[in-house]
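Below is one structure; the comments refer to it alone.
The values are calculated or read from the model by the stated rules, or taken from the named source; none is laboratory data. These numbers were taken from a predicted model, which means no experiment stands behind them. Positions of Cβ are backbone-derived with ideal geometry, glycine not excepted, and every protein chain shown enters the neighbour counts.
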Amino acid sequence: MAARQMGSTNVRLERMCVLVASWIGVSSSLSTNAAAARVPANRGKDDGQPPYGAYPHRSRKLDARDLATVPMVRRATAAGRKQTTMSTRLPVLLLATLALGACTDHTPMDAHAAEASAAATKAPAFAPPPESAIPEGPYGDMVRLGREIFMHTRKAAPAYVGNGLACVNCHLDAGRLADSAPLWAAYGMYPQYRKKNHHVNSYGERLQGCFMYSMNGKAPPLGDKVILALETYSSWMAQGAPHGVKLEGAGYPKVSSPAKKPDYARGQAVFARDCALCHGADGQGQKVAGDYVFPPLWGPDSFNWGAGMHELDKASAFIKANMPLSRGGSLSDQDAWDVAIFMDAHERPQDPRYKGDVAATRKAFHDTPMSLYGQRVNGHLLGSEPAH
Ligand code: HEC
Ligand code: HEC
């Protein structure tokens with residue numbers, strides 16, 4: 001596990017330090033140095049608490065004080081961006097690194113994944129090369145472009161993106177994190193037959209699907225530089241991995257069927273307790289300076305009804321392994337299913353394969369208990385009033 005997580009410091013610094021620094025700094029108004037001093041003290045403690053102050057313990061319901069900190073997260077983060085100087089940046093980066101290091105070293109997800117893989121599967125382990133190993137020159141430039149598109153999809157490939165998400169929102173740590181469908185584990189498994197479109201898909205076609213559904217956009221043509229760059233980035237990360245072999249950490253680990261039928265109302269309570277602080281009470285995420293720092297879970301800026309994440313088994317598996325952010329593995333299986341049904345029972349952009357009516361679209365593409373599309377939840381026919 002540890003080896004696989006090495007070498008991604010750059011990504012973490014770039015993407016996460018803003019978030020981590022804001023969680024730590026905001027409500028406690030600690031000076032950066034004081035907060036930094038606290039982090040090592042918390043490292044290794046087995047109390048399940050994250051190494052930062054602002055994020056409440058999951059067993060405690062959010063209260064008004066927690067919610068009141070949220071706009072402060074925004075302001076502090078925005079202000080932090082403007083005022084960052086070399087002297088304040090270093091401690092913040094150090095802090096973020098330590099905090100995230102602590103998270104990845106000590107989360108229950110690690111223990112869980114290690115256990116599961118030792119017991120059940122014999123999938124070979126693989127560690128992608130560190131980002132620092134991306135070479136200079138034209139090949140390295142293409143790898144870097146792919147990474148840039150993956151991290152800042154809307155800015156780097158605007159013609160093909162129709163929502164507020166980025167690839168990295170669902171494939172964490174720049175597509176490197178095990179158990180969040182990492183690119184290094186996907187690349188060597190294509191070409192592959194997909195039930196979704198009933199034919200053998202090249203890796204490029206698989207990427208096109210992400211743009212159409214998860215990004216609610218348009219498929220870049222197969223010869224497009226966007227596809228080539230993402231392929232190059234993935235292939236670079238997968239160098240040395242066995243070909244055609246399912247690797248440890250590929251996809252999302254399946255969550256076993258819950259004891260009780262997944263339930264919207266229970267999921268709503270899990271959402272309020274464990275998700276709303278970051279994703280917003282209305283699930284619409286939160287922006288800083290026009291960019292989402294916490295992505296929307298439903299509504300016009302989220303993935304559409306054709307995306308894998310709208311299916312309950314995939315959503316519960318992603319959530320169980322990866323959410324709340326940095327505390328993957330902390331939810332019970334039941335909570336993961338319940339919150340998945342709550343999330344996926346909200347309207348989102350229409351399935352681009354829409355056949356003119358919801359029932360026909362369900363029959364053609366969503367005829368499975370894992371999809372709520374075309375089902376009635378609390379009296380509302382899902383898919384009938386898509387968000388846009
Ligand atoms: C809303 C979340 C979401 C976003 C955004 C997203 N994906 Fe995915 N992606 C998924 C899900 C869910 C799967 C299916 C994983 C599974 O079935 O195990 C997936 C699968 C993949 C796979 C195949 C993984 C495998 O193991 O076969 C690749 C490659 C991929 N995505 C790349 C991308 C790229 C590139 C982008 C951005 C253009 C992107 N994704 C955006 C959720 C997302
Ligand atoms: C501490 C803040 C935080 C909490 C709490 C949190 N998330 Fe997230 N979540 C994030 C961030 C940040 C991302 C994007 C990750 C990235 O880009 O690296 C994300 C991504 C996601 C995504 C994929 C992107 C999207 O918008 O669809 C889903 C689904 C999700 N979270 C669901 C949940 C659920 C359900 C919970 C509660 C069980 C939860 N999250 C709790 C911060 C959080």
**OP:** Among the numbered conditions (1) part of a loop (DSSP other than H, G, I, E, B); (2) within 16 Å of ligand 2 (Cβ to nearest atom); (3) surrounded by 21 or more Cβ atoms within 10 Å (Cβ to Cβ), tell me where residue 149 comes up short.
**Re:** (1)
Subject >> Matching residues in segment 324-340 - criterion: being over 16 Å from residue 311 (Cβ atoms) and of a type in the set (A, V, I, L, M, F, W, C) >> reply: 325, 331
Original post:
Somewhere in segment 192-210, is a residue farther than 30 Å from residue 338 by Cα and touching a residue at least 60 places away in the same chain (Cβ under 8 Å)?
Top reply: no
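May I ask you to verify whether residue 282 is farther than 20 Å from residue 255 by Cβ and in contact with a Phe, Trp or Tyr (Cβ under 8 Å, 6 or more places away or on another chain)? So that I can check it myself, show each step before the final result.
Numbers: farther than 20 Å from residue 255 by Cβ: yes; in contact with a Phe, Trp or Tyr (Cβ under 8 Å, 6 or more places away or on another chain): no.
Spelling it out, it is not the case that residue 282 is farther than 20 Å from residue 255 by Cβ and in contact with a Phe, Trp or Tyr (Cβ under 8 Å, 6 or more places away or on another chain).
Scan segment 125-134 for residues that are modelled with pLDDT under 95 and surrounded by fewer than 12 Cβ atoms within 10 Å (Cβ to Cβ) and jot them down. Outline the logic, then answer.
First, the residues of segment 125-134 that are modelled with pLDDT under 95: 125.
Those that are modelled with pLDDT under 95 and surrounded by fewer than 12 Cβ atoms within 10 Å (Cβ to Cβ): none in segment 125-134.
Among residues belonging to segment 156-182 that are assigned to a helix (DSSP H, G or I) and more than 14 Å from ligand 2 (Cβ to nearest atom), point out the one that is surrounded by the most Cβ atoms within 10 Å (Cβ to Cβ). Step through it out loud before you land on a result.
Step one: of segment 156-182, the residues assigned to a helix (DSSP H, G or I) are 156, 158-160, 167-169, 172-175.
Now narrow it down to the ones that are more than 14 Å from ligand 2 (Cβ to nearest atom): 156, 158-160.
Values: 156: 18, 158: 10, 159: 10, 160: 22.
Residue satisfying both the conditions and the ranking: 160.
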Original post:
residue 205 versus (1) surrounded by 14 or more Cβ atoms within 10 Å (Cβ to Cβ); (2) out of contact with any strand residue (DSSP E or B) (no Cβ under 9 Å at 6 or more places or on another chain): which is the lone unmet condition?
Top reply: (2)
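Determine, yes or no, whether residue 370 is near ligand 2 (Cβ under 9 Å from one of its atoms), under 21 Å from the mean Cα position of the chain (by Cα) and either on the phi > 0 side of the Ramachandran plot or outside the structural domain of residue 180 (by TED's automatic domain parsing) (or both). Lay out the reasoning, then the answer.
Details: near ligand 2 (Cβ under 9 Å from one of its atoms): no; under 21 Å from the mean Cα position of the chain (by Cα): yes; either on the phi > 0 side of the Ramachandran plot or outside the structural domain of residue 180 (by TED's automatic domain parsing) (or both): yes.
Taking the combined requirement at face value, the residue does not satisfy it.
Scan segment 255-266 and give yes if some residue there is closer than 30 Å to residue 208 by Cβ, in contact (Cβ under 8 Å) with a residue 12 or more places away in the chain, within 16 Å of ligand 1 (Cβ to nearest atom) and surrounded by fewer than 18 Cβ atoms within 10 Å (Cβ to Cβ), otherwise no. Show your work before the answer.
First pass over segment 255-266, keeping only residues closer than 30 Å to residue 208 by Cβ: 255.
With the extra rule that they be in contact (Cβ under 8 Å) with a residue 12 or more places away in the chain, the set shrinks to 255.
When the remaining residues are screened for being within 16 Å of ligand 1 (Cβ to nearest atom), the result is 255.
Of the ones still in play, those that are also surrounded by fewer than 18 Cβ atoms within 10 Å (Cβ to Cβ) are none.
The answer is no, given that none of the residues of segment 255-266 is closer than 30 Å to residue 208 by Cβ, in contact (Cβ under 8 Å) with a residue 12 or more places away in the chain, within 16 Å of ligand 1 (Cβ to nearest atom) and surrounded by fewer than 18 Cβ atoms within 10 Å (Cβ to Cβ).
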Original post:
Taking residue 159 and the conditions (1) at pLDDT 95 or above; (2) out of contact with any helix residue (DSSP H, G or I) (no Cβ under 9 Å at 6 or more places or on another chain), which numbered condition does it fall short on, given that it satisfies the others?
Top reply: (2)
Subject >> Index of the failed condition, residue 206 passing every other in (1) closer than 20 Å to residue 246 by Cβ; (2) part of a loop (DSSP other than H, G, I, E, B) >> reply: (2)
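Please state which one of 116, 185 is modelled with pLDDT under 95 and part of a helix (DSSP H, G or I).
Details: 185 fails: modelled with pLDDT under 95.
Just one listed residue meets the conditions, 116.
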